[in-house]
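Below is one structure, written out as C-alpha cells; comments come after it.
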Amino acid sequence: MFLPLIAAINAQAQTASVERGSELFQSECARCHVQADIEMRIANRWLDRPASELYAAIMATMPAETPGSLSPEQYLDLTAHVMQMGRVNAPIAGLTVTELASVNIEQGSENTGPDYYAWTSMFGGLNANRYAPLEQINADNVDELEIAWRWKADNFGPRPEGLSVTTPIMANGVLYATAGTTRNVVAIDAESGQTLWMWRPQEGQRFEDSPRKNSGKGVAYWTDGEQEVIFVVTPGYYLAALDASTGLPLESFADGGILDLMDGMRFSDVRDDRDITLTFPPLVIDDVLVVGAAHQVSMRPPHADNVKGDVRAFDIHTGELLWTHRNIPMPGEEGYETWLNDSALMTGNGGVWTSMSADTELGLVYLPVESGTGDRFGGDRPGTNLFTGSVVAVDYRTGERKWYFQHLRHDIWDYDTPTAPILADLPDGTKALVQLTKQSFAYVLNRETGEPIWEMEERPVPQTDVPGEWTSPTQPFPTKPPAYDRQGISEEDLVDFTPEIFARAKEAVKPYRMGPLYQPPSLANADDGTIGTLSLPGTLGGTNWEGGVYDPETGMLYVASHTAVAVLSLVPGAEFSTTDWIQGPARSPNVDGLPIVQPPWGRITAIDLNEGDIEWTMANADTPERIKNHPLLEGVELERTGIPTRAGLLVTKSLLFAGEGQGGNPVFRAHDKTTGAILAEIDLPASQTGLPMTYVQNGKQYIVMAVSGNGPAELVALALP
C-alpha cells in the first residue's frame, strides 16, 4: 500500500534527464508524435505555464494506449525531453518534480536544438523512416561539415575487411556497430571515436560453414531504463545478448547469453549443409525480439529443396520462443493451396533476410518476405507461392497473421522483397505502409488493413516457354505512385548518345530477348536463336536493402535506385543441381564499356505521398571520368549520368543527405529537400557503404557512416567545427 507514496518521494528526489527521456520517447511515444507535432502543441498550449502542469498532462495522456503506466521518474525524464523538443526556454534538466512548479515555459530561439538525440535502431525507429528532427546542421552551415573522428576496422579480423555495410546505433553517448568478417561487436565513444569494448564471436566450424561471412548490417538495442542490452546475430546463426556497458554476454538470456537459432528450423532432408544465417539485426519491439533468416544466393541451387526461412519471435529477457510464422505454409494452413502439387513440402528459402518494421499502437510487425528456392527457375514450386513475394502483417505478441499483400507471384527474377516497409504517417492523418521493391514500384497500403491506398490493377504479363516452368498469368501493378526507375527494355531504352552508339547498341542486344517488366528468363540456346533475356530492373533492383527515407512533416518519400540490366539465361542443372534449370554464365551487353541503356544509371527520386506523384528525380552522381573521356563521346555534351550504385540516404528536419554507395565516389552530399538541388559536397576518405545515421551528444550533431574502398573499412563521423 505504500508503493505509490514511495514512488512519488523518489521522483521528487530524482532529477530530470533529457538523455533518459529521449530513450523513453523513442520506445513509448515516437510512433504517435513527431517533432513538428510537439512544437505545435507546446506553442499553442503551454507557453507561460508552469512546467509542473506539462508534467501532469504528459502523465495523464502518454503512452496513448496506457496513460499513467510509466513511473513518476520516467514521466519526469519525458517532460525534460518533450520540453527540449518543443524548443522552449525552460531548462528543467537536473530539477526535481517539486521544483517544476517554479519554472515557467517560455518561447525559445528558433534554432535551439536538443542536447541529446539518440539513434537506437538501424532504420532510426520501428517506423523505418530514417528521419531525425534535427537542424543544427542546416542549409546555412552544411558546407562547413568536417571529419570529427575516424574509427578504423583494420585489426578486426581475422583479416582486414575491405567492405563494411554496418549502420551504427547510438544510445547514451555510445555507438554500437559490427566490424570484421567474424562480426565482432564494438562500442565506441560517440564524441571521440574511442573504442570502449569489443566482443568477438568464436563459432569454429559454424562460422566456416556460414553462407554469409561478413560484418553484417549492425546490432539491435533494448533498455528498460535501467539495463541496456545489445543483440546481434552471428554469421553462424546464433543470437547473442550483450551487456551494453561491458560487452559481456548476459547470463540470464538463453544459454549464457547465446541462443542457437538453428534449433527448431525446418531443414531439408536432401541437403547436408545448413544454408541459413542472417546479416541484419533482430527487431526489438517492447520485450519481443523478432528474427528473420537469410540463405545463400539461389541462382544455382544444388536442390529445389532447402531450409525454410521461418520468422520467429523470442522473449527479450530469457530467449524463450514465443511464436513462429511459417512463410511457406504447412498442409492445412492458409496459403498451402498456392503451392501446386504439394510443392511447399519440397522447397525452401522464403525468409526475411532484410530489416522489418512495426507499429506498436496497432500491435503489428511487418515482414518483407523473399521468394522460394530458385532465383531463376521455379518449376519445382508451381503456383503463386504464398507468402513469398509479400509484405505480411503479424501480431507481434502472438504471431497471428492479420493481413498480407503479395506484390509478386512466383518470383523467377530474383525480385525478392528487399527492404523494411516504411510506416508513413501522412500529414492528413493517413497511416500508410510503403513497400519499396526491386521492381522500382512503391506499393502504398493502409497499414492497419493491407488495402491499397490507390487502385491496384491486375495486368497480364509475358509467359514462359522454358520446359517445366510455371508463370502467373497476371501481376499487380499500382496506379500510383508511378515507377521510380526504368522497367522493361526495348530499343527506345538503349543508349543513344550518338547515332553510331545507338546502332552499336541495337546490334549488341540482337542475341537477347527483350520485353516489358516481368519478361521471364529464357534458355541459353532457345529455339529462336536467342541466348537469354535482358531484364530491367536487374537482380539488385531498382531498390535494394538500403531502401528509402520518409519525412513525416511533409509527406515526402525519398528513394535511391539504380539502373542496370541483368541477363536471365538458363542452362541445364546437370552435374551442378538436381533442378532442371539454373542460371548460366552471362554478361550484360555494352557498347565499348558504355552501359547498354540510357542514363541516369543511378538516381534519387522524391515521391509526394500526399498525392502519389513524383516531385523530382535526379542522377545520384556526376558523370564518371571514364564516360566523359570515352573515345566514342568526343565532342558530345552529356547531362549528369549518375552511376549504377545505390545511394545511402538520411533525411532531417532541414536536409536530405546522400552518399554514393558501394562502388561510388568518396563524397557525401546535402540536398535541398524540395528541389533536390545540391547544397554541399563533403569529401570522405572512401565511399559511403553503410547507411548514414545522425545523433546529438552534449549539444553537438554528428553524422556517422561506414566507408569502404580505400583500404580497410572504417567509420567516419562528420560534425560542424
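None of the figures in this text is laboratory data; all of them are computed from the coordinates on show. Everything numeric in this text was worked out from a predicted model, so none of it was measured. Because the Cβ atoms are built from the backbone with ideal geometry, glycine has one as well, and the counts that use them run over all protein chains shown.
Which order do the peptides 476-483, 604-611 take when ranked by the mean count of other beta-carbon atoms within 10 Å per residue, highest first? Please list the in-between numbers first.
On the way: 476-483: 18.0, 604-611: 20.5.
Sorting 476-483, 604-611 by mean packing, highest first, produces 604-611, 476-483.
Does the stretch 109-158 classify as rounded, prolate or oblate by the C-alpha gyration tensor (a ≥ b ≥ c root eigenvalues; a/c under 1.5 gives rounded; else a/b over b/c gives prolate, otherwise oblate)? Display every interim value, and only then the final one.
On the way: a/c = 2.65, a/b = 1.40, b/c = 1.90.
Cα axes put the stretch 109-158 in the oblate bin.
Given the C-alpha atoms of the stretch 265-370, compute the convex hull and give its volume per residue in Å³. Please report the intermediate quantities before stating the final value.
Working: hull volume 12.7 nm³, N = 106.
Per-residue hull volume (Cα only) is 120 Å³.
For Gly541, enumerate residues with amide H under 5 Å from its amide H, sequence gap 5+ or separate chain, H modeled in the peptide plane.
HN-HN under 5 Å from Gly541: empty list.
Along the three principal axes, how long is the chain when you take its alpha carbons, biggest first, rounded to the nearest angstrom?
For the chain, the Cα spread along each principal axis is 86, 63, 52 Å.
With a point put 7 Å past each Cα toward its Cβ, work out how far Leu196 is from Glu575 in nm, to one decimal.
Here the modelled spin labels are 5.5 nm apart.
What aspartates and glutamates sit close enough to Lys506 to cross-link, taking a C-alpha to C-alpha distance under 14 Å and skipping anything fewer than 8 places away on the same chain?
Glu491, Glu492, Asp493, Asp496, Asp592
Helix 51-61 sits at what angle to the longest principal axis of the chain, using alpha carbons and giving 0 to 90 degrees rounded to 10?
50 degrees
Going by Cα centres, the stretch 491-528 and the stretch 213-273 are how many Å apart?
47 Å
Considering the dipole of the chain built from charges on the beta carbon (Lys and Arg +1, Asp and Glu -1) around the Cα centre, which of Pro168, Pro499, Ala483 is farthest to its positive end?
Looking along the dipole axis, the top candidate is Pro499.
Mind pulling the per residue volume of the convex hull built on the Cα atoms of the stretch 319-421? Å³ is fine. All intermediate terms of the calculation are to be shown ahead of the outcome.
Values: hull volume 10.4 nm³, N = 103.
Taking only Cα atoms, the stretch 319-421 has a hull volume of 101 Å³ per residue.
Once the convex hull of the alpha carbons of the stretch 296-335 is built, what does its volume come to per residue, in cubic angstrom?
Values: hull volume 4.4 nm³, N = 40.
Per residue, the Cα convex hull of the stretch 296-335 comes to 111 Å³.
Return the tail of the calculated pair distribution for the stretch 150-193, meaning the percent of Cα-Cα pairs more than 15 Å apart. Please report the intermediate quantities before stating the final value.
Numbers: 358 of 946 pairs.
The share of Cα pairs beyond 15 Å in the stretch 150-193 comes to 38 percent.
If you add up the charges near Arg504, with Lys and Arg at +1 and Asp and Glu at -1, over every other residue whose beta carbon is less than 12 angstrom from its beta carbon, what do you get?
Working: positive: Lys506, Lys510; negative: Asp496, Glu500, Glu507, Asp592.
Once positives and negatives cancel, what remains is -2.
Post the alpha-carbon centroid distance, the stretch 448-484 to the stretch 298-327, in whole angstrom.
Centre-to-centre (Cα) distance: 27 Å.
Along the stretch 421-433, what does the Karplus equation 6.51 cos²θ - 1.76 cosθ + 1.60 (θ = phi - 60°) give for ³J(HN,Hα), rounded to whole Hz, x for Gly and Pro?
Per residue, the Karplus-derived 3J(HN,Hα) values read x, 8, 8, 9, 8, 6, x, 8, x, 5, 9, 9, 10 Hz.
Please compute the net charge surrounding Leu386, taking Lys and Arg as +1 and Asp and Glu as -1 over other residues with Cβ under 14 Å from its Cβ. Each step should come with its number before you reach the end.
Details: positive: Lys308, Arg326, Arg381, Arg401, Arg409; negative: Glu333, Glu334, Glu337, Glu370, Asp411.
Computed value for this residue: 0.
Could you order peptides 644-653, 419-428 by the average number of other Cβ atoms within 10 Å of their residues, highest first?
On the way: 644-653: 24.9, 419-428: 22.1.
Sorting 644-653, 419-428 by mean packing, highest first, produces 644-653, 419-428.
Nearest 20 debye, what's the magnitude of the dipole of the chain about its Cα centre given +1 on Lys and Arg Cβ and -1 on Asp and Glu Cβ? Could you put the intermediate results ahead of the total?
Details: 49 positive and 96 negative charges, 164 e Å.
Charge dipole, the chain, about its Cα centre: 780 debye, nearest 20.
So who's got an amide H within less than 5 Å of the one on Leu523, skipping anything under 5 residues away but keeping other chains? H placed 1.01 Å off N, in plane.
When sequence neighbours closer than 5 places are left aside, the close amide H contacts are Leu570.
What list of ³J(HN,Hα) couplings, whole Hz, do you get for the stretch 241-249 from phi and the Karplus terms 6.51, -1.76, 1.60, once you set θ to phi - 60° and write x for glycine and proline?
Along the stretch 241-249, the couplings run 10, 10, 5, 5, 8, 10, x, 7, x Hz.
For the stretch 463-472, what does the Karplus curve 6.51 cos²θ - 1.76 cosθ + 1.60, with θ = phi - 60°, yield as ³J(HN,Hα) per residue in whole Hz, taken in order and with x for Gly and Pro?
So the Karplus estimates, Gly and Pro as x, are 10, 7, 10, 6, x, x, 7, 10, 10, 6 Hz.
Kindly express, to the nearest 10 degrees and within the range 0 to 90, the angle between helix 499-508's C-alpha long axis and the longest C-alpha principal axis of the chain.
Approximately 80 degrees, to the nearest ten.
Excluding Thr98 itself, calculate the net charge of residues whose Cβ lies under 15 Å from the Cβ of Thr98, where each Lys or Arg counts +1 and each Asp or Glu counts -1. Please list the in-between numbers first.
On the way: positive: none; negative: Glu53, Glu73, Glu99.
With Lys, Arg at +1 and Asp, Glu at -1, the net is -3.
Would you calculate, for the chain, the mean residue ellipticity at 222 nm contributed by helices, counting each DSSP H stretch of 4 or more residues as -39,500 (n - 2.57) and dividing by all residues, to the nearest 500?
On the way: 9 runs with 72 residues, N = 721.
Using -39500 (n - 2.57) per qualifying helix, the result is -2500 deg cm²/dmol.
Counting other C-beta atoms within 10 Å, and keeping those with at most 14, which DSSP coil GluC sites (Glu not before Pro) do you find in the stretch 622-717? Can you show the working numbers first?
Working: sites: Glu625, Glu634, Glu637, Glu639, Glu660, Glu681, Glu714; in loops: Glu634, Glu637, Glu639, Glu660.
Loop-located and lightly packed - Glu634, Glu637, Glu639.
Compute the angle between helix 72-85 and the longest alpha-carbon principal axis of the chain, please, reported from 0 to 90 degrees and rounded to the nearest 10.
The angle comes out near 70 degrees.
Quick one: which residues, 5 or more positions from Val597 or on another chain, have an amide H under 5 Å from its amide H? H modelled 1.01 Å from N in the peptide plane, none for Pro or chain starts.
For Val597, the qualifying residues are Val495.
Restricting attention to the alpha-carbon atoms of the stretch 497-554, what are Rg (one decimal) and Dmax (integer), both in Å?
17.1, 56
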